[in-house]
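To keep things clear, I will list the structure first and then write my remarks on it.
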Amino acid sequence: MSGENAQPLEALMRTAGRSAASATLDRTPTHQAFVVLCGPGNNGGDGLVLAREVAMRRLGAEVKVWYPKGPGSSELYAKLVAECEATPNVEFV
């Protein structure tokens, strides 16, 4: 990205993932089970953030993450996966 208002990719993913988690939780006030499908692109990173946020914000939530391609060689994606793995109630399937 370029320009004076450009944000690093990680900040954009975290913002998008948190916003998606807020929207998801607002629309599913009684749900406790969630499945997050993560592709290999930037939206997959957003999904990893969403999964972790849902698990941390909704007491007792069980979050399953399907991330078939995995982080590959990306340090950022590996970091997001490690954060999910360290979060209770987030499971990769």
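Against the conditions (1) farther than 15 Å from ARG18 by Cα; (2) open to solvent by 90 Å² or more (accessible area, probe 1.4 Å); (3) of a type outside the set (Gly, Ala, Ser), where does ARG57 fall short? Just the number, please.
(1)
Tell me which residues, restricted to segment 60-78, are surrounded by fewer than 16 Cβ atoms within 10 Å (Cβ to Cβ) and either touching a Cys at 6+ places or on another chain (Cβ under 8 Å) or of a type in the set (Lys, Arg) (or both).
LYS64, TRP66, LYS69, listed by residue number.
Does at least one position in segment 24-44 carry a residue that is in contact with a Cys (Cβ under 9 Å, 6 or more places away or on another chain), buried (at least 16 other Cβ atoms within 10 Å of the Cβ), part of a helix (DSSP H, G or I) and touching a residue at least 12 places away in the same chain (Cβ under 8 Å)?
Yes; the residues of segment 24-44 include at least one that is in contact with a Cys (Cβ under 9 Å, 6 or more places away or on another chain), buried (at least 16 other Cβ atoms within 10 Å of the Cβ), part of a helix (DSSP H, G or I) and touching a residue at least 12 places away in the same chain (Cβ under 8 Å).
Looking at this structure, is ALA11 in a helix (DSSP H, G or I) and either among the aliphatic types (A, V, I, L, M) or modelled with pLDDT under 95 (or both)?
Yes; evaluated as a whole, the condition is true for this residue.
Out of VAL90, VAL81, which single residue is touching a Pro at 6+ places or on another chain (Cβ under 7 Å), at pLDDT 95 or above and either open to solvent by less than 80 Å² (accessible area, probe 1.4 Å) or not acidic (Asp, Glu) (or both)?
VAL81
The values are calculated or read from the model by the stated rules, or taken from the named source; none is laboratory data. The model shown is predicted, which means the values in this text are computed figures rather than measured ones. Please note: Cβ atoms are built from the backbone with ideal geometry, for glycine as well, and neighbour counts cover all protein chains shown. Surface areas here come from the heavy atoms of the whole protein model, side chains and all, with no ligands, DNA or RNA. Shrake-Rupley method; radii C 1.70, N 1.55, O 1.52, S 1.80 Å.
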